Amino acid sequence: MILGFVFLAILLFAIVIGVPVAFALAGTTLLGLLMTGGLSSISAMSNIAWGTTSEFVLTAIPLFVLMSEIIGATGIGKDLFAAVERWLGRIGGGQAIAAIVASAVFGAVSGTAVGVAAVIGAVAVPEMLKRNYPKTVAAGSVAGASPLGMIIPPSLPLIIYGVVTETPIASLFLAGILPGILITLLCCILVSFMVRKSDKDTISASHVGRLESLVLCLPVLILVALVIGSIYLGIATPTEAAGVGAIGAFIIAGVQRRLTLQNVKAVLLSTARTSAMLLFVLMGAMLFGYLLGVTQMPQELTAFVVGMDVSPWVVFALIMIAYFVLGMFLEVTSIILITMPVIFPTVLALGFDPIWFAIVLMVNMSLAVVTPPVGLCLYVVNACSPEISLGDVIRGTAPLMAMYIVVLVALCVFPQLIVY
């Protein structure tokens with residue numbers, strides 16, 4: 001087990017000094033196999049790499065990425081905020097609520113917190129400032145809601161978790177729906193109290209204007225419902241649903257005349273880059289997991305933890321704290337790929353449900369990605385308007401993060417909210 005921790009320390013050191021995660025994983029594995037088994041053990045690396053990347057379920061990753069890239073590049077996310085704003089703008093705090101709801105829906109199709117913060121923030125933050133919203137509310141409503149895409153399906157981190165742990169991805173998607181909705185509702189209620197009723201923060205729209213805005217974003221809402229519904233009803237696997245989502249996004253963008261040759265080229269290149277990065281990191285993680293298996297670290301760590309005279313909840317709390325700290329500095333999918341080969345056997349041995357653990361982990365990591373000093377979403381929202389300081393973003397996000405904590409505690413006390 002000690003040797004396994006040595007290799008883990010080498011890996012973390014390589015990442016800290018700036019080595020790309022995929023290269024750090026593969027390089028550490030190569031070094032470890034040379035030290036433990038010599039040249040003969042390296043032959044296993046090619047088999048593991050091929051076996052990992054040839055899994056059919058991994059096809060869902062580039063397809064979901066393609067769907068999110070199309071929707072993000074064609075301006076559909078902006079229309080989504082405009083539609084929600086017209087329907088909710090008359091109530092107190094309507095624009096802040098619209099930003100949260102739009103972030104939740106757009107997060108469901110983009111799966112990336114930074115992308116949500118960039119697209120929705122660029123539209124919502126300036127509009128809220130024009131209507132005299134407090135700077136903290138304008139920034140916090142976007143930054144605080146941006147991580148919802150990690151929880152609400154289809155979520156790329158959940159797909160990665162499912163692949164690494166061999167947990168059914170469809171079950172993970174279904175489990176994330178209710179917690180995501182709960183967080184969205186609580187955040188909406190909170191900002192409505194923070195802003196309170198004011199003539200300055202309300203907007204009016206005619207029935208015709210509302211219907212026109214709905215027509216623009218309704219196809220995307222139907223597409224999301226179709227993707228998730230086909231999985232829920234057992235009509236399609238996550239991979240097949242991802243294909244439907246990608247083709248549907250292309251059709252919607254084409255019918256609405258949002259596609260140009262330049263758009264298509266940019267979307268395909270971005271999809272290829274993102275997918276290649278994710279698959280390369282996944283391949284490196286599987287290689288590193290094999291190395292840890294050679295050292296017997298996961299098995300010995302599990303035996304050690306199970307043999308301790310402490311409550312499983314104490315161990316669970318320590319695991320969550322460790323993930324929270326890691327999430328402040330590293331990208332979520334990288335964390336899952338690096339740590340799951342070590343942690344997951346212990347989680348199962350302690351009696352925790354893998355689906356429940358996945359959703360609780362996503363809520364916890366959602367908190368981490370908007371926590372200083374890194375918190376990329378904070379900086380993205382800060383860049384949306386020169387009037388907003390980073391301090392405004394942090395202060396505005398903190399109350400919404402309290403809602404995540406409330407749901408996190410509720411999921412621990414009432415696991416039936418996930419496993420139903």
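Observations on the structure shown:
- Among residues of segment 253-271 that are assigned by TED's automatic domain parsing to the domain that holds Ile70 and aromatic (Phe, Trp, Tyr), none has a Cβ under 7 angstrom from a residue that is assigned to a helix (DSSP H, G or I) and surrounded by 13 or more Cβ atoms within 10 Å (Cβ to Cβ) at a sequence gap of 6+ or on a separate chain.
- Elements of type helices (runs of 4 or more DSSP H) in segment 50-144, at least 2 residues being modelled with pLDDT of 80 or more and either in the same structural domain as Met286 (by TED's automatic domain parsing) or farther than 20 Å from Cys217 by Cβ (or both): 60-73, 113-130
- For Ile359, the requirement of being at pLDDT 90 or above, part of a helix (DSSP H, G or I) and hydrophobic (A, V, I, L, M, F, W, C) is met.
- The residue pairs whose first member lies in segment 27-47 and is at pLDDT 80 or above, whose second member is not aliphatic (A, V, I, L, M), and whose beta carbons are closer than 6 Å, counting only pairs six or more residues apart or on different chains, are Thr28/Phe7; Thr29/Phe288; Gly32/Phe7; Leu33/Ser41.
- Candidate set: segment 346-367, residues that are farther than 30 Å from Cys187 by Cα and surrounded by fewer than 19 Cβ atoms within 10 Å (Cβ to Cβ); chosen: the one nearest to the chain's Cα centre (by Cα): Leu348
- When segment 384-401 is filtered for residues that are of a type outside the set (Ser, Thr, Tyr) and in contact (Cβ under 8 Å) with a residue 24 or more places away in the chain, the ones remaining, listed by number, are Cys384, Glu387, Ile388, Asp392, Val393, Arg395, Gly396, Ala398, Pro399, Leu400, Met401.
- Looking only at segment 369-379, and only at residues there that are in a helix (DSSP H, G or I) and surrounded by fewer than 23 Cβ atoms within 10 Å (Cβ to Cβ), the one that is nearest to the chain's Cα centre (by Cα): Leu376
The values are calculated or read from the model by the stated rules, or taken from the named source; none is laboratory data. As the structure is a computational prediction, the values presented were derived from the model and not from experiment. Please note: Cβ atoms are built from the backbone with ideal geometry, for glycine as well, and neighbour counts cover all protein chains shown.
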